[in-house]
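All remarks here apply to the structure that follows.
The values are calculated or read from the model by the stated rules, or taken from the named source; none is laboratory data. Worth saying up front: this structure is predicted, and the values here are computed from it rather than measured. Methodologically, a virtual Cβ is constructed for each residue, glycine included, from the backbone with ideal geometry; neighbour enumeration extends over all protein chains shown. Note: accessible area is taken over every heavy atom of the protein model, side chains too, but ligands, DNA and RNA are not part of it. Shrake-Rupley method; radii C 1.70, N 1.55, O 1.52, S 1.80 Å.
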Amino acid sequence: MLQPVTSQIELRIAAMLSGDKKLIEIFKKGEDVHTAVASRVFKVDMNNVDKEMRRKAKVINFGIIYGMGVTTLRKNLGGTREEAQKFYDNYFNQFSGIRDYLEEVKAYALAHSYTLTLFGRRRSFPNINSRIPFLKNMAERTATNAPIQGTAADIIKLAIRYAEEDLKKAGLLEKVHLVLQIHDELVFEVAPGELETLKALVTSHMANVVELSVPL
């Protein structure tokens, strides 16, 4: 089995779409994104980031792009609401590009009732201006994440298509079978002797299907 992975693809796309300089720098340097974010949020050297700091940074890294608010953050981090609020504020003070981008996406969705991926694929949110708070809040959270998650889905689907075309050209369709797509992973079953050829072909497409300001 071969499992090439586009590591933290949604965080990379968030960095690219938002243009946040600090997050882009982290990925360009090849740093561990959760450790690097913890370093900036807790204001300590990266070498002094412990497991608990990294865990908290990981929670907020992924939570923020899914529309997590302070209440949910507190539940996931533990501790008091005041501590969660401080962590939340520190994150957005450090990564203001992410904050501004998410607000822009929300404003666009409120005005148009849809969002767009990097490739122009539209997702509609008819409830985003609902008078029912639960429906409106859920639509806002989903709309905020949709361009990021949708662009990630677009990229992996394009990678599958281009890899399939090259596998056909190389005469490997009888020797290589795509078994599963799991989020940002492709799982292949590969005939003996073809692993290195497939690895080079597929990982190249996954990394270069689109030119971004951060590496995939």
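Points worth noting:
- The share of accessible area on the chain that comes from carbon and sulfur is 51 percent, using a 1.4 angstrom probe.
- Surface calculation, 1.4 Å probe, protein heavy atoms: LYS168 sits at approximately 140 Å² accessible.
- The C-alpha atoms of the chain define a longest principal axis, and helix 96-112 lies at about 90 degrees to it.
- Global form of the stretch 72-148, assessed from the alpha-carbon gyration tensor, a/c cut-off 1.5: oblate
- Take the chain with all the other protein chains still there, run a 1.4 Å probe, and you get 54 Å² of accessible area per residue.
- In this structure HIS112 has an accessible area near 90 Å², from a 1.4 Å probe over the protein heavy atoms.
- The trypsin sites (Lys or Arg not before Pro) of the stretch 87-135 that DSSP puts in a loop, and whose beta carbon has at most 15 other beta carbons within 10 Å, are ARG121, ARG131.
- Solvent-accessible ranking of ARG54, ARG141, largest area first, probe 1.4 Å: ARG141, ARG54
- Sorting LYS199, LYS22 on solvent-accessible area from highest to lowest, probe radius 1.4 Å, gives LYS199, LYS22.
- Accessible area per residue was computed with a 1.4 Å probe on protein heavy atoms; THR203 scores about 50 Å².
- When MET138, MET16 are compared by accessible surface with a 1.4 Å probe, the order from highest to lowest is MET138, MET16.
- Excluding same-chain neighbours fewer than eight residues apart, the lysines reachable from LYS157 by a Cα-Cα span under 18 Å are LYS168, LYS199.
- Summary: within the chain, the longest segment free of chymotrypsin sites (Phe, Trp or Tyr not before Pro) located in DSSP loops with at most 14 other C-beta atoms within 10 Å is 120-216.
- Relative to the longest principal axis of the Cα atoms of the chain, the long axis of helix 9-18 makes an angle of roughly 60 degrees.
- For the stretch 69-216, the square roots of the Cα gyration tensor eigenvalues, ordered a ≥ b ≥ c, give a/c of at least 1.5 with a/b greater than b/c, which places it in the prolate category.
- Taking 27 Å as the limit for the C-alpha separation, the pairs LYS29/LYS136; LYS29/LYS169; LYS22/LYS106; LYS28/LYS58; LYS22/LYS58 exceed it in the case of LYS29/LYS136; LYS29/LYS169.
- Alpha carbon centroid spacing (whole Å) that separates the stretch 58-75 from the stretch 186-216: 32
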